[in-house]
Amino acid sequence: MQMLSRIVFGIEPLRALNTHLMKNISATILSILALTSQIVHAQYLSLSYPKYNSVLQRDGNNQATVTIAGQLVWGTGANGAIVPGTTISYKIKTLSVNPNVQGATINLSMAGNGMFYTTTTLTKGWYLVEVMLNGAVYASSKVGVGDVFIIAGQSNGQGIGGQFEPMGGWKLPATAGFPEWIVGINEDYNCTKNLLDNFGEMYPLTDVAKQYNRLGPTGNNVWCYAVLGKKISDANGGMPVAFFNTASGGSTITQWYLGAQGLAASNPYTGGTQFCLGYKQGSVNPADYYGQPYTPLRSTLNCYASLYGVRMVLWHQGEADSDNNVPANYKASSAADYQTKLQFVINKSRSDFGATINPNILSWVVSKATISKYGPLNNTIRSGQGAVVGGSTTGGPDTDYIVGSGGAIAGITYRRDSTHFEENYSGALTWLAGKWFDAIGNNGNRISAGFVPQLTYTTNGNKRYLIAPAGYVEYRWGSSINSPIAGANTNTFTTESCYSDIKCFIKDSKGNWHISAATWVHCYASNRIAAEIEEPVVNEDELLGLTTFPNPFQEEFQIEFNVKEDGSHVKLELMDESGRVLKTLVDNPHSKGRWKYSSGKLGFGVQTLFCRLKVNELYTVKRLLKEN
């Protein structure tokens, strides 16, 4: 409070000024006092759901259930206590279909530790969900209701090429002006047996600066999927679309067949060693890769499709089985052999996802693809691909031919290296997207997302209890599904210690995972003992430690904050009093440490600004005044 002492002391020589000026000075002092009070008692709010930039699969009525869940981690009182009268509310605004329609403000009930949870039904479209603390917008998340696709197969499904290639960057389709609601996740889960544990925000595939991001779990870039997503979106009135890519370059149908059984699958392109062995200097134990290349597909179904729902799997594979240099024992021996092996993979995916009964059979779309640098069009493999079509498996694009399934072959004029498509070669990736769009049509069973577990909170003396819904196959508690807290394997988590960012991971009888909102327990006055506790277990600065200075500011100000874990996604925004984002300063992953940014010179015609910091799912806001 030294700054305030100097300001108040400086008033004494000004007593000769007129009354009007004194009133202005007094008002300024009161504003600074109020502002300083807010800075001392910063609030922290976690918003786990809806996931930022996520898309939920629409049902037959073009609707989906959206969960809004999180926690007021650090309240408005001393040491983070939640004072009586604190309110959490939300409102939803449309961003695509009938844009900028603002919904009503709805109050949320809070548990004793600040947790909140509700669900609402939204129709097809793209939305902004804003969560408010005492009427001020504190957290927000964009979410869509549309279609979710999973990609499987080999490299012309996975995507190939980077921004900086020896012979020039691999050209991808232009996406400038495309909508932001065609999305994917920037992660690399190639060749891992771990469950997928990134349930953070997704990114627009249509962002030109992010075209060479990974399209997780295994995709190398956005490939043709930004264009395909836009075609599907435009055909459905501006509907959001999400893609998850599980394809593996160079994979044969025999490897997928063996992997689906959890068996070893040797790779002809690496001298017969286990598929994926030593990927990125990883394990040299072949058993660590048994199940590849099928494992990412299974994990995507059990994790991401459970979380977001799915419309269909898009299969593009066959070039490796037509490669004349690949020994016969690695490939399909006949059309019937290809059909049998692919049908096994399809059936296994449906079983692993628990989607085997109409109307919720997992849909597949199977392309015809055989041409590569090392092999001409192969009618044996093409026949096997066509033979699996029937029921919930439909025919996909025929990428061996330029138009339809006959006439001119899509050969080297479409393929930069005589195998893989590139935009500079006859606009091949836009052409590929068009072929996929025509094949998808109105096909596919729309399987809705699974439930988000709602936790309850109780206390007994110094013990704190988090309770998840009972009756499921497996429970894990912790911040990561792959590194759970030892011994915490029932639906009730009991602790007398501080745990931050803890979630409950629930496995159902089908094998699919459901993830609760993140919760802080036994760490601060809001979630530890009671408002009367004098000292929190963890200091407020150990949360995000957001500071802004100078405040009030003239043209610009500095911002500092903490990041506790490497790879944390940071978003830093400036907002007006209505919660409208005026400027985004940062929106990317950060390493652990103390970070500093400048706001830059601001030309906004507002006197009050709010600096909002989001690190993963945790938000905090600082209020700033502009000097006259």
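The values are calculated or read from the model by the stated rules, or taken from the named source; none is laboratory data. Every value quoted in this text rests on a predicted model; they were computed, and no experiment measured them. Because the Cβ atoms are built from the backbone with ideal geometry, glycine has one as well, and the counts that use them run over all protein chains shown. In case anyone asks, the SASA skips ligands and DNA or RNA and just uses the protein heavy atoms, side chains included. Shrake-Rupley method; radii C 1.70, N 1.55, O 1.52, S 1.80 Å.
With the full set of protein chains in place, find how many percent of the accessible area of the range 454-499 is carbon and sulfur; take the probe as 1.4 Å.
Details: 1080 of 2440 Å².
Roughly 44 percent of what the probe reaches on the range 454-499 is carbon or sulfur.
Largest accessible area first, the residues Phe344, Phe275 order themselves as Phe344, Phe275 under a 1.4 Å probe with ligands, DNA and RNA left out.
For the range 246-298, report the % of Cα-Cα distances exceeding 14 Å. Intermediate values should be presented prior to the final figure.
Numbers: 609 of 1378 pairs.
Roughly 44 percent, once rounded to a whole number.
Using heavy atoms of the protein chains and a probe of 1.4 Å, the accessible area assigned to Lys124 is about 50 Å².
I'd like to check one number: the per residue accessible area of the chain, probe 1.4 Å, reported in Å² as a whole number. Can you show the working numbers first?
On the way: 25050 Å² over 628 residues.
On a per-residue basis, 40 Å².
Each listed q (0.12, 0.13 Å⁻¹) maps to a log10 I(q)/I(0) for the range 111-237, found by the Debye formula over equal Cα scatterers with no solvent: -0.59, -0.67.
If you average 1/r over all unlike Cα pairs in the range 323-409 and invert the result, what Kirkwood radius do you get in angstrom? Don't skip to the answer; put the middle values down first.
Values: mean 1/r = 0.0710 Å⁻¹.
Its Kirkwood hydrodynamic radius stands at 14.1 Å.
Its relative contact order, with pairs defined as Cα atoms under 8 Å and 6+ residues apart, puts the range 325-443 at 22 percent. Legend: residues Tyr189, Tyr117, Tyr269, sorted from most to least accessible area (1.4 Å probe; ligands, DNA and RNA excluded), read Tyr269, Tyr117, Tyr189.
Largest first and in whole Å, what are the equivalent-ellipsoid semi-axes of the range 442-494 based on the Cα gyration tensor, each being the root of 5 times an eigenvalue? Don't skip to the end; give the middle numbers.
On the way: eigenvalues 180, 40, 17 Å².
Listed largest to smallest, the semi-axes of the range 442-494 are 30, 14, 9 Å.
Checking the cross-link pairs Lys348/Lys592; Lys210/Lys348; Lys210/Lys373 against a 32 Å limit on the alpha carbon distance flags Lys348/Lys592; Lys210/Lys348 as lying beyond it. What's the angle, to the nearest 10 degrees (0 to 90), between helix 19-40's Cα axis and the longest principal axis of the chain? The answer is roughly 50 degrees. Of all lysines in the structure, the ones whose alpha carbon falls short of 25 Å from that of Lys93, not counting any fewer than 8 places away in one chain, are Lys51, Lys124, Lys142, Lys230, Lys231, Lys571, Lys583, Lys614, Lys622. Principal axis extents of the C-alpha atoms in the range 248-355 (largest first, rounded to whole Å): 39, 36, 19. Scaling against 2.2 N^0.38 Å puts the C-alpha radius of gyration of the range 172-260 at 1.17.
For the range 462-528, what number results from the quotient of the Cα radius of gyration and 2.2 N^0.38 Å? Please report the intermediate quantities before stating the final value.
On the way: Rg = 11.8 Å, N = 67, 2.2 N^0.38 = 10.9 Å.
For the range 462-528, the normalised Cα radius of gyration comes out at 1.08.
If you wrap the tightest convex hull around every Cα atom of the range 359-476 and split its volume per residue, you get 212 Å³. In a solvent-free Debye calculation with one equal scatterer on each Cα, what is log10 I(q)/I(0) for the range 420-511 at q = 0.18, 0.26 Å⁻¹, listed in the order of the q values? For the range 420-511 at q = 0.18, 0.26 Å⁻¹, log10 I(q)/I(0) is -0.82, -1.36.
Mind ranking Lys193, Lys230, Lys503 by accessible surface for me, highest first, 1.4 Å probe? Kindly include the intermediate steps, with their values, before the conclusion.
Values: Lys193 110, Lys230 55, Lys503 25 Å².
Largest accessible area first, the residues go Lys193, Lys230, Lys503.
Each principal axis of the Cα cloud of the range 177-225 was evaluated for its coordinate range; sorted largest first, these ranges are 38, 19, 15 Å.
Here Lys91 is the anchor, and the aspartates and glutamates within straight C-alpha reach of less than 13 Å, apart from those fewer than 8 places off in the same chain, are Glu130. Measuring only protein heavy atoms, the 1.4 Å probe finds Tyr472 accessible over about 80 Å². Look at where the Cα atoms of the range 409-484 and of the range 204-239 average out, and the two centres are 13 Å apart. Can you tell me which lysines have their Cα less than 18 Å from the Cα of Lys280? Leave out same-chain residues fewer than eight positions away. By straight Cα distance, Lys280 reaches Lys193.
Calculated over the range 553-606, the projected area of the Cα convex hull averaged across directions stands at 4.0 nm².
If you take the alpha carbon radius of gyration of the range 36-123 and divide it by 2.2 N^0.38 Å, what ratio comes out, to two decimals? Walk me through the numbers on the way to the answer.
Details: Rg = 15.8 Å, N = 88, 2.2 N^0.38 = 12.1 Å.
Cα Rg divided by the expected 2.2 N^0.38 Å: 1.31.
Annotation: Lys210 carries an accessible surface of approximately 50 Å², with a 1.4 Å probe and no ligand, DNA or RNA atoms counted. Diffusion coefficient (Stokes-Einstein, Kirkwood radius over C-alpha pairs, 25 °C, 0.890 mPa s) for the chain: 93 µm²/s, rounded to a whole number. The share of C-alpha pairs in the range 211-284 whose separation exceeds 22 Å stands at 42 percent.
Taking 4.7 Å between beta carbons as the limit, the unpaired Cys residues of the chain are Cys224, Cys303, Cys504, Cys611.
Summarise the long-distance tail of P(r) for the range 274-424 by giving the % of C-alpha pairs beyond 25 Å. Don't skip to the end; give the middle numbers.
Working: 4502 of 11325 pairs.
Tail fraction, whole percent: 40.
If I take every Cα pair under 8 Å that is 6 or more residues apart in the chain, average their sequence separation and divide by the length, what percent do I get for the relative contact order? Reported relative contact order: 14 percent.
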